[in-house]
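Have a look at the structure below before the remarks.
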Amino acid sequence: MTFSITRRRLLIGSASSLGAFGLTGCDDVVGNAHVQSVLKMAETLTMRSQRLLIPKDKLAREFSQSDISPTFRANGTSHPDSEVYSQMTENGFANWRLKIDGLVERPVELSLTDLKTLPSRTQITRHDCVEGWSAIGKWTGAQLAPLLRSVGLKPQSRYAVFYCADQLEQALDGSGTYYESIDLIDAFHPQTILAYQMNGKDLEVAHGAPLRLRVERHLGYKHAKYLMRIEIRDSFAGLWGGKGGFWEDRGYEWYAGI
Ligand SMILES: Nc1nc2c(c(=O)[nH]1)N[C@H]1C(S)=C(S)[C@@H](COP(=O)(O)O)O[C@H]1N2
Ligand SMILES: [Mo]
């Protein structure tokens, strides 16, 4: 519904701007290739102006060392139930690799050591779970923005999809795999990090070892733990439930902004 209203507005807006080209009447111009390209351009412009309206780099509140919660509950999976994962824990994740692929110019596979040499950020933030609890923790990790710049995003890129090592629901077709996604505004936000440390120590298994997403302006379920792969995509079509996340496929909002 929203989409069709937007299309209509774009159509009206574009049709009037087409006056300059001597074209009039919606009906006879809609099929025109030039009009199609103007519509496409208008859509891109609308997306850009929305991005300008949202203060896209607004930071989530940060706290001080003394605010850190003495206990930080683990939620959802607290140990991925897979042989492969268990083996990786045995040698400090030396064989673990984060794959980055999809709509990128240069797909990569990064070790934990590679990630630790990248530009990092430390932030003390409050984690809010929809189940009604919050906790403050200190997170350190590689910023996602420079990493995405280094792999080179293709022009069609719209989302970063995060695939995890755990199946929160046992399903043979893989649809119980935990996964999440964010758009490029959040992907390039300065507080969006791939965290390998919590409260000054290597991330514990319960909190997503060896690597988890911190996307501080969003609710807890967006913060994917046990990261294995980041895929850059232009849509969620054909991806399990098609809603962009494990919980989204089960009814939660995709945009979990707080
Ligand atoms: N891979 C994976 N990531 C996950 C989950 C999960 O079950 N599996 N649970 C989510 C939810 S609902 C919350 S509140 C946080 C919990 O993070 P924590 O265990 O570090 O508290 O992780 C999120 N990320
Ligand atoms: Mo949560």
Please give the number of the condition residue 134 fails out of (1) of a type outside the set (Val, Ile, Thr); (2) more than 16 Å from ligand 1 (Cβ to nearest atom); (3) in a strand (DSSP E or B).
(2)
Give the stretch 59-93 a look and list any residue that's surrounded by 12 or more Cβ atoms within 10 Å (Cβ to Cβ), small (Gly, Ala, Ser) and either within 12 Å of ligand 1 (Cβ to nearest atom) or assigned to a loop (DSSP other than H, G, I, E, B) (or both), or say none.
60, 69, 74, 76, 78, 82, 92
Could we say that residue 127 is touching a helix residue (DSSP H, G or I) at 6+ places or on another chain (Cβ under 6 Å), within 16 Å of ligand 1 (Cβ to nearest atom) and within 21 Å of residue 182 (Cβ to Cβ) here?
yes
The residue from 175, 181 that alone is surrounded by fewer than 16 Cβ atoms within 10 Å (Cβ to Cβ) and of a type in the set (S, T, N, Q) is 175
So in the stretch 99-117, with the set limited to residues that are assigned to a loop (DSSP other than H, G, I, E, B) and over 17 Å from residue 200 (Cα atoms), which one is nearest to ligand 1 (Cβ to nearest atom)?
111
With the stretch 184-258 as the region, which strands (runs of 3 or more DSSP E) entirely inside it contain at least 1 residues that are buried (at least 18 other Cβ atoms within 10 Å of the Cβ) and away from ligand 2 (no atom under 16 Å from the Cβ)?
192-198, 227-233
Just checking, does the stretch 129-137 include any residue being more than 16 Å from ligand 2 (Cβ to nearest atom) and in contact with a strand residue (DSSP E or B) (Cβ under 7 Å, 6 or more places away or on another chain)?
no
The stretch 138-161, subset without any contact (Cβ under 8 Å) to a residue 60 or more places away in the chain and among the polar types (S, T, N, Q), residue farthest from ligand 2 (Cβ to nearest atom)
150
How many residues are under 19 Å from residue 232 (Cα atoms) and under 17 Å from the mean Cα position of the chain (by Cα) if we restrict to the stretch 100-142?
6
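Only the coordinates and a few stated rules stand behind these numbers; no lab work does. Not measured: the values here are computed from a predicted model. Neighbour counts are summed over all protein chains in view; Cβ atoms, including those assigned to glycine, are modelled from backbone coordinates with ideal geometry.
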